[in-house]
Amino acid sequence: MKVMVGGTFDPLHDGHKRLLARSFELAGPSGMVTIGLTTDSFASSKLHPVRPFDERRENLVRFIEEKGYRTPWQVEALSDRFGTALVADFDAIVVSEETLPVATEINRLRKERGSRKVDIHQITCVLAEDGRWISSTRIYRGEIDAHGHLIGDPEK
């Protein structure tokens, strides 16, 4: 199965890791995973600082290699919300609860263009210790770490 997933992936936290793991699981060893990684200019709209594209790509590569996924994969630059998802030949997109509307929009636009819809696989967001979503914004604010542990919690 050909699977697409996208994001800024900075910092690469447990929620991102769940998203990527599900992408590789769905694709299977004979499939293909395409990871859309936001360009520096597209990521600059974030409310927090973002590491440069090459550094974020290196972190993704390191994670994938450490996990030992056998599925072929590639990283492509994502300069807008959709990237190549509107025209690419693929079977499924993996999203979080937060990015589900983007996948729905991709399918709507694909249909308008005469392309077949793709399956949408939604993961549940990973929760931090306080029961709220792990997010890059919360990590940059210093509320939690990449695993959802509260920072400054005297019991940790």
Does segment 46-56 contain at least one residue that is within 12 Å of the chain's Cα centre (by Cα) and aliphatic (A, V, I, L, M)? no
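Check VAL61, VAL102 and return the single one that is assigned to a helix (DSSP H, G or I) and farther than 14 Å from HIS16 by Cβ. Steps first, answer last, please.
Working: VAL61 fails: farther than 14 Å from HIS16 by Cβ.
VAL102 is the lone residue from the list that is assigned to a helix (DSSP H, G or I) and farther than 14 Å from HIS16 by Cβ.
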Of the residues that sit in segment 39-52 and are of a type in the set (Ser, Thr, Tyr) and outside any helix (DSSP H, G or I), which one is surrounded by the most Cβ atoms within 10 Å (Cβ to Cβ)? THR39
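Can you confirm whether GLY36 is loosely packed, with under 14 Cβ neighbours inside 10 Å and at pLDDT 95 or above?
no
Have a look at THR38, THR104 and point out the one that is closer than 10 Å to GLY6 by Cα and either under 16 Å from the mean Cα position of the chain (by Cα) or of a type in the set (Ser, Thr, Tyr) (or both). Let's see the steps before the verdict.
On the way: THR104 fails: closer than 10 Å to GLY6 by Cα.
Result: THR38 is the single residue among THR38, THR104 that is closer than 10 Å to GLY6 by Cα and either under 16 Å from the mean Cα position of the chain (by Cα) or of a type in the set (Ser, Thr, Tyr) (or both).
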Can you list residue pairs whose Cβ atoms sit under 8 Å apart, with the first residue in segment 82-99 being under 27 Å from TRP133 (Cβ atoms) and in a strand (DSSP E or B) and the second being at pLDDT 95 or above and among the basic types (Lys, Arg)? Count only pairs 6 or more apart in sequence or on different chains. ALA92/LYS2; VAL94/ARG22
Within the group GLU112, GLU98, GLU129, which residue is over 18 Å from the mean Cα position of the chain (by Cα) and either loosely packed, with under 13 Cβ neighbours inside 10 Å or at pLDDT below 95 (or both)? GLU112
Can you say whether SER79 is at pLDDT 95 or above and within 15 Å of the chain's Cα centre (by Cα), as far as the supplied structure shows? yes
Those residues of segment 103-144 that are closer than 23 Å to ASP10 by Cα and free of Cβ contacts under 8 Å to residues at least 24 places away in the same chain come to a total of 10
Report whether or not SER136 is of a type in the set (Ser, Thr, Tyr) and either within 20 Å of ARG22 (Cα to Cα) or at pLDDT 95 or above (or both). yes
Residues of segment 1-38 being part of a loop (DSSP other than H, G, I, E, B), touching a helix residue (DSSP H, G or I) at 6+ places or on another chain (Cβ under 6 Å) and without any contact (Cβ under 8 Å) to a residue 60 or more places away in the chain, in sequence order, are PHE9
Tabulated pairs, segment 39-63, first more than 12 Å from PHE9 (Cβ to Cβ), second modelled with pLDDT of 95 or more and small (Gly, Ala, Ser), C-beta under 6 angstrom, 6+ apart or interchain: THR39/ALA77; THR39/SER79; PHE42/SER79
Does segment 119-126 include one or more residues that are over 14 Å from the mean Cα position of the chain (by Cα), within 30 Å of ASP89 (Cβ to Cβ) and either modelled with pLDDT of 95 or more or part of a loop (DSSP other than H, G, I, E, B) (or both)? yes
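The values are calculated or read from the model by the stated rules, or taken from the named source; none is laboratory data. If you're wondering where the values come from, they're calculated on a predicted model, not measured in any experiment. Neighbour counts run over all protein chains shown; Cβ positions are idealised from the backbone, glycine included.
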